[in-house]
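Novice: Dropping the structure in here first, questions after.
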Number of protein chains: 2
Amino acid sequence: MKLATLKNGGPDGRLHVVSQDLRRAVRADDIAATLQEALDHWDHIAPKLRHLSDALNAGAVSDSIAFNEEAAMAPLPRAWQWLDGSAFANHGHLMQKAFNLPPIETAMPLMYQGMSHRFLGAAEDVCLPSVDDGIDFEGEFGIVTDFVPMGTKAENALRHVKLCLVINDWSLRAIAPVEMKTGFGWIQAKPACALSPVAVTPDVLGEAWRDGRILTSMVVNLNGKPFGTVPANEMGFGFHELIAHAARSRDLPAGTIIGSGTVSSSRYAEVGSACIAERRAIETIADGKPSTPFMRRGDRVCLHALDPKMFGRIDQKVLVPA
Amino acid sequence: MKLATLKNGGPDGRLHVVSQDLRRAVRADDIAATLQEALDHWDHIAPKLRHLSDALNAGAVSDSIAFNEEAAMAPLPRAWQWLDGSAFANHGHLMQKAFNLPPIETAMPLMYQGMSHRFLGAAEDVCLPSVDDGIDFEGEFGIVTDFVPMGTKAENALRHVKLCLVINDWSLRAIAPVEMKTGFGWIQAKPACALSPVAVTPDVLGEAWRDGRILTSMVVNLNGKPFGTVPANEMGFGFHELIAHAARSRDLPAGTIIGSGTVSSSRYAEVGSACIAERRAIETIADGKPSTPFMRRGDRVCLHALDPKMFGRIDQKVLVPA
């Protein structure tokens, strides 16, 4: 089933069930007022949502409304925890090679904790302080968990994956390396992310949900031009391993969002990239300098899975002061 | 005024106003159900809480109860954002010298985002997976903000400080350097922090609230023995500067907690330290190896301001599997 959050004036919006084809939606707030509430009591709530979803897809719901992806809030407009991995090693290799960085020596998954008090809707403008910060998108796949007890092992972690989605992890590239060098992770370089219009249960993905990975491609358009159609099959750790890593010394609250990191492929020459920084790294390796600029005022980026109806489209415009 | 959160079975507890001497408390949930709600509408709510506080301190509240520090939840049992600084340069210098680390080259405040979906109560046991992780406390002072718009400058930031408190930033020292080396900050090395029994408005601090700093000492007892009485006057950045740093590319939600980092003094030979890792660094510099062990099962640490009635006492026991 597919779930969305529509505006109701409150910070967490109102939960809706959306049809498989993303054409219709129906209020689900008599089952759970918000997606957070649904995740807090998932085992109890999910069967009721699924019943409503089945009826909606069968055309048997009389009070459905037209679903407008662009009007959706993030499925979780705020969450108690956002942990972003960097599980595509190819992305790291390119960045290190281009910028002469020392390799990151760890056998553990890479992961940072980002701001989670605000996730932008899929078509929400991105308001940032300055184009001089090196404004960039990152196309990622992600999952949402229910409550995960501390110490959960990878082999028991997949059962905690309740929803899958697409994430645009907005990044400020002029600040990122400065903060990274401190070892403390990112504050200024990682403003609010955006989430796809719908979050979907793993069964929706069919064969694309395998080995704890979302095995489709990330399709990226920048100002209407193709930028990448990057297969996600080189994800080095599965989401079950990212969950176990995160839960080593803490419980994870229901509604924890975990990201894959920028989707990246060693066949980048054919398939492109899911962020500008990686393309600039490829250009630097080839030509000694980057030629693709970071985003400018009014630029748009569109991100979606190979089937754009799977999660809907993220399509955002950059707003910065003139 | 002093505010506390007492248990009511819910995740956010019930807001109480506490007397200056920490002896009496009165329910404040007819004014705001939770501290988060009070912070969300502070300008409107605070005058009413202060009115109740004045009455309580004048002995004019009939339905007050005895206040028990040990029964308090964290004033914010969960928060939308926890950003921890490391504003005492002496602590970093000692760690670098002892462990031959490269100096962190930045003129910016050091800051990481930590888990905020759970803050332990002041007397709550600390359940961690293993003593082999190098279990350590960090005695810090912290502040709580109302909503801070993106781009707020340091000179305008102090008005957003609504509450002050003491924080025990639990740390796992065997994991911390491994995670730090990735540049991504800490996930496993930073489990849930504890907060002091009460959070207090800055006016309570009198002369100790100056230059955006909490200018008292951090008193630390480990298993009943004095470990440090560390003056906080060497804080390199004030909380107004930490707020401005954090708000560079994001709004801060009401209830954002910002920490000072471990309180540390260049007069450490006289005043001691506010974490075991720093004492071990001092021992390593002097003797070539550390002699103070990290915490073991059943060990207790107690943290409070020079006046223990200012914020109350954090007093916690470490629980790990045998």
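Novice: Run through segment A:58-126 and list the GluC sites (Glu not before Pro) located in a DSSP loop whose Cβ has at most 14 other Cβ atoms within 10 Å.
Specialist: Counting only loop positions with at most 14 other Cβ atoms within 10 Å, the GluC sites (Glu not before Pro) in segment A:58-126 are A:Glu105.
Novice: For A:His304, what charge total do you get from the other residues with a beta carbon under 12 Å from its beta carbon, if Lys and Arg give +1 and Asp and Glu give -1? Show your work: numbers first, answer last.
Specialist: Numbers: positive: A:Lys309, A:Arg313; negative: A:Glu69, A:Asp307, A:Asp315.
Net local charge, A:His304 excluded: -1.
Novice: Now, a different point. Tell me whether segment B:154-252 comes out rounded, prolate or oblate; compute the Cα gyration tensor, take square roots of the eigenvalues as a ≥ b ≥ c, and use a/c under 1.5 as the rounded threshold.
Specialist: oblate
Novice: Measure off, as a whole percent, the carbon and sulfur share of the 1.4 Å-probe accessible area of segment B:1-153, all protein chains present.
Specialist: Ligands and nucleic acids excluded, carbon and sulfur give 51 percent.
Novice: A further question follows. Counting only heavy atoms of the protein chains, get the accessible area per residue of the protein assembly as shown (1.4 Å probe) and round it to a whole Å² value.
Specialist: On a per-residue basis, the protein assembly as shown sits at 38 Å².
Novice: Could you tell me how far the Cα centroid of segment B:148-216 sits from the Cα centroid of segment A:1-59, in Å?
Specialist: Here the answer is 37 Å between Cα centres.
Novice: Output wanted: per-residue J couplings in Hz (rounded whole) for segment B:85-102, from phi through Karplus 6.51 cos²θ - 1.76 cosθ + 1.60, θ = phi - 60°, x for Gly and Pro.
Specialist: x, 9, 9, 9, 4, 4, 4, x, 4, 5, 5, 5, 5, 5, 10, 6, 8, x
Novice: What is the packing order of peptides A:19-28, A:129-138, taking the mean over residues of other C-beta atoms within 10 Å and listing the highest first?
Specialist: Details: A:19-28: 18.4, A:129-138: 21.1.
Top to bottom by mean Cβ count within 10 Å: A:129-138, A:19-28.
Novice: Here is a follow-up. Using a 1.4 angstrom probe on heavy atoms only, work out the carbon and sulfur share of the accessible area of segment A:205-317 in %.
Specialist: 47
Novice: Shifting gears a bit: What is the sum of charges, Lys and Arg at +1 and Asp and Glu at -1, for the other residues whose Cβ falls under 13 Å from the Cβ of B:Ile285? Please list the in-between numbers first.
Specialist: Values: positive: B:Lys97, B:Arg279, B:Arg280, B:Lys289; negative: B:Glu278, B:Glu283, B:Asp287.
Computed value for this residue: +1.
Novice: When you look at the Cβ of every residue in B:242-251, what mean number of other chain Cβ atoms sits within 10 Å?
Specialist: Partner Cβ neighbours, averaged per residue: 5.
Novice: Follow-up. Could you calculate the FRET efficiency of A:Arg297 with A:Ala174 from 1/(1 + (r/R0)^6), where r is the beta carbon distance between them and R0 is 22 Å, rounded to 0.05?
Specialist: With a Förster radius of 22 Å, E is 0.90.
Novice: To make sure I understand the rule: partners must be lysines, Cα under 30 Å from the Cα of B:Lys97, and not fewer than 8 residues away in the same chain. Which ones qualify?
Specialist: Reachable lysines: A:Lys181, B:Lys181, B:Lys190, B:Lys225, B:Lys289.
Novice: Another question, if that's okay. May I ask you to work out the translational diffusion coefficient for chain B at 10 °C, viscosity 1.306 mPa s, via Stokes-Einstein with Rh from the Kirkwood sum over Cα pairs, reported in whole µm²/s?
Specialist: Approximately 80 µm²/s, per Stokes-Einstein.
Novice: Among B:277-284, A:177-184, A:112-119, how do they line up from the highest to the lowest mean number of other beta-carbon atoms within 10 Å?
Specialist: Top of the packing list down: A:112-119, B:277-284, A:177-184.
Novice: List the distances, in nm and shortest first, from the label point of B:Asp287 to the matching label points in every other copy, placing each point 7 Å from Cα along the Cα-to-Cβ direction.
Specialist: Spacings between copies for this position, smallest first, are 6.1 nm.
Novice: Give me the inter-chain shielding for B:103-111: mean count of other chain Cβ atoms within 10 Å, whole number please.
Specialist: Mean shielding count: 4.
Novice: In nm, to one decimal, how far is the A:Glu283 label point from the A:Ala55 one, both placed 7 Å along Cα→Cβ?
Specialist: It is 5.3 nm.
Novice: Calculate how large, on average over all directions, the projected area of the Cα convex hull of segment B:268-314 is; give the answer in nm² to one decimal.
Specialist: 4.1
Novice: If you take the beta carbon distance between A:Ile65 and A:Lys317 as r and set R0 to 25 Å, what does 1/(1 + (r/R0)^6) give as a FRET efficiency, to the nearest 0.05?
Specialist: 0.45
Novice: Separate question: Quick one: P(r) of the protein assembly as shown from all Cα-Cα pairs, 10 Å bins, percents rounded to integers, in order of increasing distance.
Specialist: With 10 Å bins starting at 0, P(r) equals 3, 16, 26, 26, 18, 8, 2, 0.
Novice: Something else now. May I ask which residue of chain B has the beta-carbon nearest to the axis carrying chain B onto chain A, and at what distance in whole Å?
Specialist: Minimum Cβ distance to the axis, with residue: B:Gly185, 1.
Novice: Most mobile of B:Gly139, B:Gly272, B:Gly151 per a Gaussian network model of chain B (Cα springs, under 10 Å)?
Specialist: Maximum among the listed residues: B:Gly151.
Novice: Between B:Trp209 and residues 5 or more places away or on another chain, which pairs have amide H atoms under 5 Å apart, with H built 1.01 Å from N, and which residues are they?
Specialist: B:Leu215
Novice: What would the Debye equation give as log₁₀ I(q)/I(0) for segment A:2-67 at q = 0.27, 0.29 Å⁻¹, counting only Cα atoms as equal point scatterers?
Specialist: So the normalised log intensities are -1.20, -1.31.
Novice: Place the peptides A:37-43, B:222-228, B:168-174 in order of packing, highest mean first, counting for every residue the other Cβ atoms within 10 Å and averaging per peptide.
Specialist: B:168-174, A:37-43, B:222-228
Novice: When the helices in the protein assembly as shown are scored as -39500 (n - 2.57) per DSSP H run of 4 or longer and the sum is shared across all residues, what 222 nm value do you end up with, to the nearest 500 deg cm²/dmol?
Specialist: -5500 deg cm²/dmol
Novice: Oh, and also: Indicate, rounded to the nearest 5 percent, the antiparallel portion of the DSSP beta bridges found entirely in chain B. Don't skip to the end; give the middle numbers.
Specialist: Details: 51 of 57 bridges.
Around 90 percent of the beta bridges assigned by DSSP in chain B are antiparallel ones.
Novice: Under a cut-off of 30 Å between alpha-carbon atoms, report the lysines in cross-link reach of B:Lys48, not counting same-chain residues fewer than 8 places apart.
Specialist: Candidates past the 8-residue exclusion: B:Lys2, B:Lys7, B:Lys153, B:Lys162, B:Lys309.
Novice: List the distances, in nm and shortest first, from the label point of A:Pro177 to the matching label points in every other copy, placing each point 7 Å from Cα along the Cα-to-Cβ direction.
Specialist: In nanometres, ordered from closest: 2.7.
Novice: Turning to a different aspect of this structure: Report the full-extension gain for the segment B:Asp125 to B:Arg23: residue separation times 0.36 nm, less the Cα-Cα distance, to one decimal in nm.
Specialist: Length gained, B:Asp125 through B:Arg23: 34.4 nm.
Novice: Return the average number of partner chain Cβ atoms within 10 angstrom of each residue Cβ along peptide A:191-198. Walk me through the intermediate numbers first.
Specialist: Details: counts 5, 4, 0, 0, 0, 0, 0, 0.
Per residue, the number of nearby Cβ atoms from other chains is 1 on average.
Novice: Note down the net charge around B:Thr216, summing +1 for each Lys or Arg and -1 for each Asp or Glu among other residues with Cβ under 12 Å from its Cβ.
Specialist: With Lys, Arg at +1 and Asp, Glu at -1, the neighbours total +1.
Novice: Shortest first, in nm, what separates the label point of A:His44 from those of the same position in the other copies (7 Å along Cα→Cβ)?
Specialist: 3.0
Novice: Which residues, if any, in segment A:158-184 have at least 40 Å² less accessible area in the whole protein complex than in the isolated chain, probe 1.4 Å?
Specialist: Flagged in segment A:158-184: A:Thr182, A:Gly183, A:Phe184.
Novice: Please compute how much accessible surface disappears when B pairs with A, both sides summed, using a 1.4 Å probe, and round it to the nearest 100 Å².
Specialist: Roughly 4000 Å² of accessible surface disappears when B and A pair.
Novice: Now a separate question. From the P(r) of segment B:73-152, can you give the percent of Cα pairs sitting at distances over 20 Å? Numbers along the way, then the final one.
Specialist: Values: 1622 of 3160 pairs.
When every Cα pair of segment B:73-152 is considered, 51 percent fall beyond 20 Å.
Novice: What list of ³J(HN,Hα) couplings, whole Hz, do you get for segment B:17-30 from phi and the Karplus terms 6.51, -1.76, 1.60, once you set θ to phi - 60° and write x for glycine and proline?
Specialist: 3J(HN,Hα) across segment B:17-30, in whole Hz: 9, 10, 5, 4, 8, 6, 8, 10, 9, 9, 4, 10, 6, 7.
Novice: Still on this model: What residues qualify as long-range amide H neighbours of A:Phe67, i.e. H under 5 Å apart, gap of 5 or more or another chain, H built at 1.01 Å from N?
Specialist: A:Arg24, A:Ala25
Novice: Can you work out the Karplus-derived ³J(HN,Hα) for every residue in segment B:141-158? Use 6.51 cos²θ - 1.76 cosθ + 1.60 with θ = phi - 60°, whole Hz, and x for glycine or proline.
Specialist: 9, x, 10, 10, 9, 8, 5, 10, x, 3, x, 4, 8, 4, 5, 10, 8, 5
Novice: Rounded to the nearest 10 degrees, what's the angle between the helix B:276-287 long axis and the longest principal axis of chain B, both from Cα atoms, 0 to 90?
Specialist: 30
Novice: For a quick check: with amide H placed at 1.01 Å from N, whose amide H comes under 5 Å from A:Phe311's, ignoring anything fewer than 5 positions away on the same chain?
Specialist: Close amide H contacts, sequence-distant or interchain: A:Ala305.
The values are calculated or read from the model by the stated rules, or taken from the named source; none is laboratory data. Keep in mind it's a predicted model, so treat the numbers as computed, not measured. Cβ atoms come from the backbone with ideal geometry, glycine included; neighbour counts cover every protein chain shown. Surface accessibility is based on the protein's heavy atoms, side chains included, excluding ligands, DNA and RNA. Shrake-Rupley method; radii C 1.70, N 1.55, O 1.52, S 1.80 Å.
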